Amino acid sequence: MAKSASIESARDHNPPVVELRVEAHPDQLAVLRALAAAIALQHDFDLDTVADVKLAVDEAATRLIMGAPEDAILACSFRVALPLLHISLSAPTNDASAIGQPRSFGWHVLNSLTESISVTSDDSRATIDMSIAEGSADR
């Protein structure tokens with residue numbers, strides 16, 4: 001008799017990752033916000049948290065876009081591991097030092113919206129990794 005296996009049994013049970021690559025241009029912010037909101041809503045985050053996710057993605061992407069060279073590509077990935085939504089944004093950069101300025105208002109906003117946030121960079125690329133939980137901004 002032939003053996004059968006379900007799709008579920010073949011999975012390694014890692015949370016799926018949604019990735020999107022867009023031109024590093026302010027015109028693409030609406031696309032990133034819409035995807036972030038859709039993923040948060042799909043996983044039953046409350047509406048306040050969905051708004052926080054959109055704002056955090058917007059702020060992080062804007063930082064990367066402003067430091068990116070012309071014709072750069074911004075990569076964004078989302079991974080849900082309840083109760084957290086992990087978001088990673090990455091782009092080439094002309095000025096990595098400007099991405100994570102801890103005294104800026106935008107950085108303060110990101111810190112208040114997230115459970116954790118980090119910025120890593122090398123000479124040519126910057127990455128912002130953040131995790132948001134339902135009610136993160138209520139802390």
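Some values worked out for this structure:
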item	result
Candidate set from segment 39-57 (those that are among the charged types (D, E, K, R) and open to solvent by 90 Å² or more (accessible area, probe 1.4 Å)); member that is nearest to S112 (Cα to Cα)	D48
Residue match in segment 85-95 (condition: free of Cβ contacts under 8 Å to residues at least 40 places away in the same chain, surrounded by fewer than 17 Cβ atoms within 10 Å (Cβ to Cβ), touching a helix residue (DSSP H, G or I) at 6+ places or on another chain (Cβ under 7 Å) and more than 27 Å from Q42 (Cα to Cα))	yes
Of residues in segment 115-135 being outside any strand (DSSP E or B) and in contact with a Ser or Thr (Cβ under 6 Å, 6 or more places away or on another chain), the one nearest to H43 (Cα to Cα)	E134
Tally of residues being open to solvent by 30 Å² or more (accessible area, probe 1.4 Å) and within 13 Å of the chain's Cα centre (by Cα) across segment 27-37	4
Boolean, S77 is buried (at least 17 other Cβ atoms within 10 Å of the Cβ), touching a strand residue (DSSP E or B) at 6+ places or on another chain (Cβ under 7 Å) and in contact (Cβ under 8 Å) with a residue 24 or more places away in the chain	no
Identity of the residue in segment 7-41, of a type outside the set (S, T, N, Q) and assigned to a loop (DSSP other than H, G, I, E, B), that ends up modelled with the lowest pLDDT	R11
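The values are calculated or read from the model by the stated rules, or taken from the named source; none is laboratory data. In this text, all values refer to a predicted model and were calculated from it rather than measured experimentally. Glycine gets a Cβ as well: all are built from the backbone with ideal geometry, and neighbour counts include every protein chain shown. Keep in mind that these areas ignore ligands, DNA and RNA; they rest on the heavy atoms of the full protein, side chains included. Shrake-Rupley method; radii C 1.70, N 1.55, O 1.52, S 1.80 Å.
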